[in-house]
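Visitor: Below is a structure I'd like to ask you about.
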Amino acid sequence: MRKFDQYLAIVNDAIGKIKEHYPMQPERLYHPVYYTMSLGGKRLRPVLMLMACEAVGGKAGDALMPAVGLELFHNFTLLHDDLMDRADVRRGRATVWRRWNENVAILSGDAMLTMATQYIARASEKVLAPVMELYNKTAMEIYEGQQWDMDFEDRNDVKVEEYLEMIRLKTSVLLGCACKMGAIVGGASQAVAADFYRMGVNVGLAFQLQDDVLDVWGDPATFGKEIGGDIMNNKKTFLLISAMNLATGNDAEQLRYWLEKEDADPALKIPAVRGIYEKLGLREMSEQYIATYSNHALETLNAMRIDSDAAQAFNDLIVKLIKRDR
């Protein structure tokens, strides 16, 4: 197994060559796509795919084009998500809808989705059917998760269990897809591919819960976007849902005040809501959930019959992801 940075270099090199396969005109269709992909990111999903492929005895090169496709798809979801959330910043730079306009974000996002599908369809013919079946199933689940996320905006009775199912669909299944798709391309059995999927989904759940925590307590210099954005948007995260369910007395009254106050000053609202979270012990509660899901992922990994070096590489990556500060 190679090191993470080696896989990352392979992925970034392939992403850098996307322009060679598509025209530059119309500029307002393609430039936002290339702009989005140039913003960087962890490239976690394509790296996981290459790692899984090699872990089961396959060649990383066979998974490279589908891996780029999955990263294109991931960024397409972020592009449209930013528009729906009215987010101004992504990875420290202006979001596409903010830099151009809403119509550009919609159409360029549509183009990214088609480009993603074209790349994934470049998988070997012998695995193309299961790869496309997995991709299409995952895409529909992500759309379902996004719709649940939007539905939650109009509800004040969302349960933690509902939130966890929403992030499983919106975020976690794509990590599971990356792991399983890599295993499929590498020639793994259905049982082994299913184990990779299960591991990836649990990593995804822990990853998203950690993202919720970082949005409240992270360092904006390393997080890549504004801290407290979820609070300002009254986003139904694990933290807010738990606070709404657990807060009583003055805490509940104060939380309700900030949720209902329009045009609230971020310098006042963010620390006030953060203080309620801290009083309720919600950071610690989040970290318990994060530990549970990461342990599930590691247990699945440890039960797999894969090369010890590959298992250690995945173990190290999972631990690093859960303990990240951005």
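The values are calculated or read from the model by the stated rules, or taken from the named source; none is laboratory data. Keep in mind the model is a prediction, meaning the values are calculated, not measured. When we count neighbours, we look across all protein chains shown, and the Cβ atoms used for this are built from the backbone with ideal geometry, even at glycine. Note: accessible area is taken over every heavy atom of the protein model, side chains too, but ligands, DNA and RNA are not part of it. Shrake-Rupley method; radii C 1.70, N 1.55, O 1.52, S 1.80 Å.
Visitor: Highest first, please rank the peptides 60-71, 136-147 by the mean number of other Cβ atoms sitting within 10 Å of their residues.
Guide: Put in order of decreasing packing, that is 60-71, 136-147.
Visitor: Once neighbouring chains are kept in place and the probe is 1.4 Å, which whole percent of the accessible area of the chain is contributed by carbon and sulfur?
Guide: 49 percent
Visitor: For residue 159, give me every one of the lysines with a C-alpha distance below 18 angstrom, ignoring sequence neighbours fewer than eight places off in its own chain.
Guide: 170, 235, 236
Visitor: Next question. Counting only helical runs of four or more DSSP H residues, what would the 222 nm mean residue ellipticity of the chain come to if each run contributes -39,500 (n - 2.57) and the total is spread over all its residues?
Guide: -24000 deg cm²/dmol
Visitor: Still on this model: For the chain, what does the accessible surface come to per residue with a 1.4 Å probe? Please give it in Å².
Guide: Per residue, the chain has 47 Å² of solvent-accessible surface.
Visitor: Cross-link partners among aspartates and glutamates for residue 320, C-alpha distance below 15 Å, same-chain residues fewer than 8 apart left out?
Guide: Answer for residue 320, where 15 Å is the Cα cut-off: 5, 211, 287, listed by chain and number.
Visitor: Continuing with the same structure: Which one, 227, 65, 166, is farthest towards the positive end of the dipole of the chain when Lys and Arg carry +1 and Asp and Glu -1 on their Cβ?
Guide: The residue sitting most towards the positive pole is 65.
Visitor: On alpha carbon coordinates alone, what is the Rg over Rh value for segment 206-294, Rh being the Kirkwood radius?
Guide: Radius of gyration relative to Kirkwood radius: 0.96.
Visitor: Taking amide H positions as placed 1.01 Å from N in the peptide plane, with prolines and chain starts having none, which residues 5 or more places from residue 93, or on another chain, fall under 5 Å of its amide H?
Guide: none
Visitor: Please report the relative contact order for segment 95-245, taking Cα pairs under 8 Å with a sequence separation of at least 6, and give it as a percent rounded to a whole number.
Guide: Relative contact order comes out at 20 percent.
Visitor: So for the chain, averaging the separation of alpha carbon pairs under 8 Å that are six or more residues apart and normalising by length, what relative contact order in percent results?
Guide: 19 percent.
Visitor: Ok, one more. Which helices of the chain meet both criteria: a Cα extent of 20 Å or more along the helical axis and a mean Kyte-Doolittle score no lower than 0.5, with helices taken as whole DSSP H segments?
Guide: Qualifying helices: 102-120, 308-322.
Visitor: What nm value, rounded to one decimal, do you get for the distance between residue 323 and residue 27 when each label is placed 7 Å out toward the C-beta?
Guide: Placing both labels 7 Å beyond Cα along the Cβ direction yields 4.7 nm.
Visitor: In addition: Can you give me the relative contact order of segment 182-265 as a percent, contacts being Cα pairs under 8 Å and 6 or more apart?
Guide: 16 percent
Visitor: How large is the dipole of segment 1-105 about the Cα centre if only Lys and Arg carry +1 and Asp and Glu carry -1, each at its Cβ, rounded to the nearest 20 debye?
Guide: Once rounded to the nearest 20, the dipole reads 240 debye.
Visitor: Under 15 Å from a point placed 7 Å out from the Cα of residue 111 along the Cα-to-Cβ direction: which residues of segment 26-68 have their backbone N that close?
Guide: Only 26-38 pass the distance filter.
Visitor: Volume per residue, Å³, of the convex hull around the alpha-carbon atoms of segment 25-95?
Guide: For segment 25-95, the hull spanned by Cα atoms encloses 90 Å³ per residue.
Visitor: Sticking with this structure for a sec: Pick out, from 53, 21, 101, the residue whose Cα sits farthest towards the positive end of the charge dipole of segment 1-130, with +1 on the Cβ of Lys and Arg and -1 on the Cβ of Asp and Glu.
Guide: Towards the positive end, the residue furthest out is 53.
Visitor: For the charge dipole of the chain, defined by +1 on Lys and Arg C-beta atoms and -1 on Asp and Glu C-beta atoms about the Cα centroid, which residue among 243, 301, 156 has the Cα displaced farthest towards the positive pole?
Guide: Farthest towards the positive end: 301.
Visitor: Right, something else. Tell me the net charge near residue 237. Cut-off is 11 Å between Cβ atoms, residue 237 excluded, with +1 for each Lys or Arg and -1 for each Asp or Glu.
Guide: Taking every other residue near residue 237 into account, the sum is -3.
Visitor: Ratio to report: Rg/Rh of segment 87-224, with Cα atoms as the point set and Rh obtained by the Kirkwood method; give two decimals.
Guide: Here the Rg-to-Rh quotient is 1.01.
Visitor: Where the centroid of each part is defined by its Cα atoms, how far is segment 27-53 from segment 137-186 in Å?
Guide: 20 Å
Visitor: Here's another thing I want to ask about it. Quick one: what does P(r) look like for segment 1-146 with 10 Å bins over all Cα pairs, in whole %?
Guide: The distribution over segment 1-146 is 11, 41, 36, 12, 1, given as percents.
Visitor: How would you order 12-25, 301-314 from highest to lowest mean count of nearby Cβ atoms within 10 Å?
Guide: 301-314, 12-25
Visitor: Same structure again: What number comes out for the charge environment of residue 183, summing +1 per Lys or Arg and -1 per Asp or Glu over other residues with Cβ under 11 Å away?
Guide: Spelling it out: positives minus negatives among the neighbours equals -1.
Visitor: Over all alpha-carbon pairs in the chain, figure out the percentage whose distance exceeds 36 Å.
Guide: 19 percent
Visitor: Determine the dipole magnitude for the chain: charges of +1 sit on the beta-carbon of Lys and Arg, -1 on that of Asp and Glu, nothing else is charged, the reference point is the Cα centre, and the result goes in debye to the nearest 20.
Guide: The dipole of the chain has a size of about 940 debye.
Visitor: Just to be sure I understand: with springs between alpha-carbon atoms less than 10 Å apart, which residue in 79, 246, 282 has the highest mean-square fluctuation in the Gaussian network model of the chain?
Guide: For the chain, modelled as a Gaussian network with Cα springs under 10 Å, the answer is 246.
Visitor: If you don't mind, there's one more thing I want to ask. If you average the alpha carbon positions of segment 104-123 and of segment 253-301, how far apart do those two centres end up, in angstrom?
Guide: Using only Cα atoms to place each centre, the spacing works out to 34 Å.
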